[in-house]
Amino acid sequence: MEPLSNRRKNVAQKEMTLSERMYLPAIAQGLGITIKHFFKKKATINYPEETRQRSDVWRGLHVLKRDENGAERCTACGLCAVACPAEAITMTAGERKKGEEHLYREEKYAVTYEVNMLRCIFCGLCEEACPKAAIFLQDDKLAPARYERDEFIYGKDRLVEPLKTTETK
Amino acid sequence: MTESLFFFFASLTLLCAIMVVISKNPVFSVIFLILTFFTISAHYILLNAQFLAAVNIIVYAGAIMVLFLFVLMFINTGKNVEGTLKRNMLAKIAGTIAGGLLFTVVVAALKDVTLGHPDPATYDSQVGMVENLGKVLFTKYMLPFQLVAVLFLVSMVGAVMIGKRETGEQNF
Amino acid sequence: MDSVLLIYKGIYILAIFGISLLIATYSTYFERKIAAFIQDRVGPNRAGPMGLLQPLADAGKLFFKEEFIPAKANKMLFILGPGIAMLVAAMSSAVIPFGDTLIIGETSFDLIAIDVNIGILYIFGVVSLGVYGLMIGGWASNNKFSLLGAIRAASQNISYELAMGLSLIAVLMLSGSLSLKVIAEQQTGFNWNIWYQPLGFLIFLICAFAETNRTPFDLPESEAELIGGYHTEYSSMKLGMYLFAEYINIFVVSAVMATLYFGAYNFPFMENLRNAFDDPVLGNNVVTIIGVAVMFAKIFAFIFFFMWVRWTLPRFRYDQLMKLGWNILIPLAILNILLTGGGILLYEYFTKG
């Protein structure tokens with residue numbers, strides 16, 4: 001048969017030469033390779049102290065943003081839940097009461113907002129779908145490993161951006 | 001000092017040797033036999049025969065007893081050994097008679113032994129050292145030494161013959 | 001005078017014991033570190049600076065582990081096994097000359113624990129006993145894998161002891177003495193035995209790997225086939241004892257190789273250095289102290305080599321191991337004896353005639 005590529009090799013069992021049968025040159029060669037690796041730069045990243053360089057478009061843990069006054073931007077329109085290919089997002093909507101204007105920006109807000117991190121594929125479609133620029137995938141945080149499955153369902157307590165206490169910005 | 005050491009090692013040797021015989025578990029017997037070799041080596045050292053002491057340990061404790069233990073490991077030395085051993089009356093009587101005869105022979109042999117004391121004029125305390133032993137072996141006892149070597153060679157050839165691969169036999 | 005020497009010997013023996021324990025402890029650390037470096041990792045680096053407290057952490061962990069004894073195991077022998085392994089390993093460093101003599105005041109102190117005229121035979125005898133720990137432990141575990149490991153250990157050690165002894169004989173023919181101190185003294189300066197005995201050294205090195213159950217000859221404790229071999233059933237510090245004994249054995253074998261073939265505490269131009277001092281006592285002491293450092297440097301180099309080989313070579317198959325021992329190393333060792341004998345005769349013929 002015609003060879004499809006020029007990489008074909010004929011393998012035939014040849015009689016070993018004396019130096020091959022002694023194995024010592026081969027052992028020396030192997031030792032040379034390992035000692036070369038001994039002095040090589042290490043591939044390890046010391047994780048808690050150093051982190052791997054992330055891509056600029058890295059998509060990590062979700063966050064629900066607040067506006068400049070500290071009110072939640074989310075209006076519980078449900079577009080993110082519709083856009084989500086993994087169906088990881090659920091929410092229930094509620095109406096804003098009098099006196100809660102400083103908490104919620106619009107008249108409708110999300111009473112609960114849950115993202116199941118076990119389902120989530122971190123595709124970022126929720127981010128694209130959101131008309132109010134409320135949900136974002138952060139580029140510096142991960143969804144960490146946990147012991148229980150329940151703990152992977154992130155509620156508003158863990159998703160909403162914490163209030164800025166100081167107005168330095 | 002030397003005398004008390006001698007009695008200590010002698011009693012230890014006898015104790016270990018007795019334990020070899022009366023241990024029920026053969027592995028314990030082997031361990032006590034090794035201990036016996038050690039105490040015998042201690043006696044050699046007391047006699048200023050260091051080479052003999054070392055060789056005794058290397059050859060007997062280090063090689064031969066390993067093989068003993070090696071073989072014992074393949075044998076099932078569980079509890080059923082007790083049951084399979086035949087303990088009828090005839091065996092007991094035969095054992096007693098054989099043991100008694102051996103004892104008589106030992107007593108008869110040792111009865112007339114006079115303990116020889118070394119002559120201080122010709123006594124050399126360094127006779128057991130390696131150099132002296134080597135010189136004696138290669139001069140005075142040259143022929144027996146070489147004959148023993150030939151004997152070893154014969155046994156080696158025999159072992160090789162037994163271990164040789166038969167035609168048609170395949171191990172790997 | 002006598003009591004001074006006696007106290008000195010006691011301190012020296014304790015010191016050597018402590019040093020061998022310390023080196024064994026840190027061998028575990030360096031084993032992991034070297035393994036990591038060869039595999040492009042960094043290895044243990046959390047406990048203390050550069051992970052230097054890792055051995056302490058490991059030992060602490062081992063001490064607090066459950067002492068598990070299998071129900072059907074022979075309890076006494078099960079406990080005896082690691083004890084014998086450890087005892088024998090710690091015994092063997094007694095006759096190794098770690099240095100020349102130190103002169104303090106009027107007294108000269110030999111840097112050797114026991115100077116017997118059968119030093120090599122002592123080491124050989126003690127090393128040959130090392131296998132009992134493995135055998136007894138493996139058998140007493142009442143586990144088929146342990147038993148297989150024990151049997152492998154026994155047959156491997158017996159087979160390689162022969163080649164080891166035969167390769168030693170060539171060295172003894174050169175030196176004409178069984179005392180390690182005398183052998184060390186003969187290799188002054190750069191006059192090391194390795195230049196006369198390259199083949200013998202190679203055989204001895206391979207046998208040393210086999211005797212200490214190191215890769216590529218670690219068949220008694222191969223994880224993949226025998227799930228740990230003789231120490232399958234062991235846990236806690238009893239397992240630690242076995243591992244410890246292995247590292248002490250590596251240290252001792254490295255020291256023996258350094259003494260027999262690499263000139264022990266001798267280093268090139270040591271006589272020039274000794275004569276450079278006006279005060280002979282001071283010169284002697286300086287040379288001795290540097291010699292001790294050189295000796296330990298050689299030992300560490302060998303320990304590094306042991307680890308380097310471990311993370312390079314795969315394990316032998318058992319029939320290959322036996323074939324190498326009996327069919328190749330023993331004939332080579334006998335050939336080496338013949339060559340050495342011939343060489344000595346030729347040398348004497350030309351120098352005397």
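I need every pair where a residue in the range A:65-93 that is within 15 Å of A:Lys156 (Cα to Cα) and of a type in the set (Lys, Arg) has its Cβ under 6 Å from the Cβ of a residue that is open to solvent by less than 70 Å² (accessible area, probe 1.4 Å) and assigned to a strand (DSSP E or B), sequence separation at least 6 or different chains.
Qualifying pairs under 6 Å: A:Arg66/A:Glu72.
Considering the range C:182-200 alone, what residues qualify as being crowded, with 22+ Cβ neighbours inside 10 Å and part of a helix (DSSP H, G or I)?
C:Ile183, C:Ala184, C:Asn193, C:Gly200
Looking only at the range B:38-48, count how many residues are open to solvent by 60 Å² or more (accessible area, probe 1.4 Å) and part of a helix (DSSP H, G or I).
3
So, in the range B:1-37, of the ones that are within 27 Å of B:Val136 (Cβ to Cβ) and open to solvent by 70 Å² or more (accessible area, probe 1.4 Å), which residue ends up modelled with the lowest pLDDT?
Once the filter is applied, the top-ranked residue is B:Thr2.
Filter the range B:49-59 down to the residues that are touching a residue at least 24 places away in the same chain (Cβ under 8 Å) and open to solvent by 50 Å² or more (accessible area, probe 1.4 Å), then identify the one that is farthest from the chain's Cα centre (by Cα).
B:Phe51
Would you tally the residues in the range C:133-154 being more than 7 Å from chain B (Cβ to nearest Cβ), part of a helix (DSSP H, G or I) and either free of Cβ contacts under 8 Å to residues at least 60 places away in the same chain or surrounded by fewer than 24 Cβ atoms within 10 Å (Cβ to Cβ) (or both)?
Number satisfying all stated conditions: 4.
Output the qualifying pairs, or none if there are none: Cβ atoms under 8 angstrom, residues six or more apart or on different chains, first residue in the range A:23-38 and facing chain C (nearest Cβ under 8 Å), second residue open to solvent by less than 50 Å² (accessible area, probe 1.4 Å) and acidic (Asp, Glu).
So the pair list comes out as A:His37/C:Asp40.
Residues to consider are A:Arg8, A:Arg73; find the one that is open to solvent by 90 Å² or more (accessible area, probe 1.4 Å) and at negative phi.
On inspection, the qualifying residue turns out to be A:Arg8.
Name every residue in the range C:201-246 that is surrounded by 19 or more Cβ atoms within 10 Å (Cβ to Cβ) and acidic (Asp, Glu), in order of residue number.
C:Glu211, C:Asp218, C:Glu221, C:Glu233, C:Glu246 - these are the residues of the range C:201-246 that are surrounded by 19 or more Cβ atoms within 10 Å (Cβ to Cβ) and acidic (Asp, Glu).
Given the residues C:Leu239, C:Leu243, C:Leu219, C:Leu260, which is the only one that is in contact with a Lys or Arg (Cβ under 7 Å, 6 or more places away or on another chain), closer than 24 Å to C:Ser27 by Cα and not polar (S, T, N, Q)?
C:Leu219
So if I check each of A:Ala88, A:Ala81, A:Ala143, A:Ala134, which one is surrounded by 14 or more Cβ atoms within 10 Å (Cβ to Cβ), touching a helix residue (DSSP H, G or I) at 6+ places or on another chain (Cβ under 9 Å) and modelled with pLDDT under 85?
A:Ala143
Based on what the data block shows, is A:Glu20 surrounded by fewer than 10 Cβ atoms within 10 Å (Cβ to Cβ) and among the charged types (D, E, K, R)?
The answer is no for A:Glu20.
Scan the range B:62-100 for residues that are over 22 Å from the mean Cα position of the chain (by Cα) and modelled with pLDDT of 85 or more and jot them down.
B:Ile93, B:Ala94, B:Gly95, B:Thr96, B:Ile97, B:Gly100
Among all residue pairs at least 6 apart or on different chains, which show Cβ distances below 9 Å where the first residue, located in the range C:180-197, is aromatic (Phe, Trp, Tyr) and the second is modelled with pLDDT of 80 or more and in a helix (DSSP H, G or I)?
C:Trp192/C:Tyr261; C:Tyr196/C:Ala170; C:Tyr196/C:Val171; C:Tyr196/C:Leu174; C:Tyr196/C:Thr340; C:Tyr196/C:Gly343
Could you give me the residue pairs with C-beta distances under 6 Å whose first residue belongs to the range C:72-83 and is more than 12 Å from every other protein chain (Cβ to nearest Cβ), whose second residue is open to solvent by 40 Å² or more (accessible area, probe 1.4 Å) and assigned to a helix (DSSP H, G or I) wherever it lies, and which are 6+ apart or on separate chains?
Cβ pairs passing all conditions: C:Pro82/C:Met241.
Would you say C:Phe109 is more than 12 Å from chain B (Cβ to nearest Cβ), over 18 Å from the mean Cα position of the chain (by Cα), over 30 Å from B:Phe70 (Cα atoms) and surrounded by fewer than 24 Cβ atoms within 10 Å (Cβ to Cβ)?
When the stated conditions are applied, C:Phe109 passes them.
State which residue pairs qualify: first residue at the interface with chain C (Cβ under 10 Å from one of its Cβ atoms) and inside the range B:23-44, second residue surrounded by fewer than 19 Cβ atoms within 10 Å (Cβ to Cβ) and hydroxyl-bearing (Ser, Thr, Tyr) in any location, beta carbons under 8 Å apart, and separation of 6 or more residues or different chains.
Once the first residue is at the interface with chain C (Cβ under 10 Å from one of its Cβ atoms) and sits in the range B:23-44, its partners that are surrounded by fewer than 19 Cβ atoms within 10 Å (Cβ to Cβ) and hydroxyl-bearing (Ser, Thr, Tyr) give B:Asn25/B:Thr77; B:Val27/B:Thr77.
Would you tally the residues in the range C:12-46 being within 14 Å of chain A (Cβ to nearest Cβ), of a type outside the set (A, V, I, L, M, F, W, C) and either open to solvent by 20 Å² or more (accessible area, probe 1.4 Å) or outside any helix (DSSP H, G or I) (or both)?
9
Check off (1) away from every other protein chain (no Cβ under 11 Å); (2) touching a Lys or Arg at 6+ places or on another chain (Cβ under 6 Å); (3) of a type in the set (Ser, Thr, Tyr) for A:Thr44 and give me the number that stays unchecked.
(1)
Looking only at the range A:121-131, which residues are open to solvent by 20 Å² or more (accessible area, probe 1.4 Å), over 18 Å from A:Arg105 (Cβ atoms) and part of a loop (DSSP other than H, G, I, E, B)?
A:Ile121, A:Phe122, A:Cys123, listed by residue number.
Take C:Asp58 and tell me if it is touching a residue at least 24 places away in the same chain (Cβ under 8 Å) and either over 18 Å from the mean Cα position of the chain (by Cα) or more than 30 Å from C:Leu111 (Cβ to Cβ) (or both).
yes
Being among the polar types (S, T, N, Q) and within 14 Å of chain B (Cβ to nearest Cβ) is the requirement here; does C:Ser236 meet it?
So C:Ser236 does not fit the description; no.
Which residues, taken from the range A:106-126, are more than 18 Å from A:Asp157 (Cα to Cα) and touching an Asp or Glu at 6+ places or on another chain (Cβ under 8 Å)?
A:Glu107, A:Lys108, A:Arg119
Restricting to the range C:213-229, and then to whatever is assigned to a loop (DSSP other than H, G, I, E, B) and among the small types (Gly, Ala, Ser), can you tell me which residue is farthest from A:Leu24 (Cα to Cα)?
C:Gly228
The values are calculated or read from the model by the stated rules, or taken from the named source; none is laboratory data. These numbers come from a predicted model, not from an experiment. All Cβ positions, glycine included, derive from the backbone under ideal geometry; neighbour counts span all protein chains shown. The accessibility values were calculated without ligands, DNA or RNA, using every heavy atom of the protein model including side chains. Shrake-Rupley method; radii C 1.70, N 1.55, O 1.52, S 1.80 Å.
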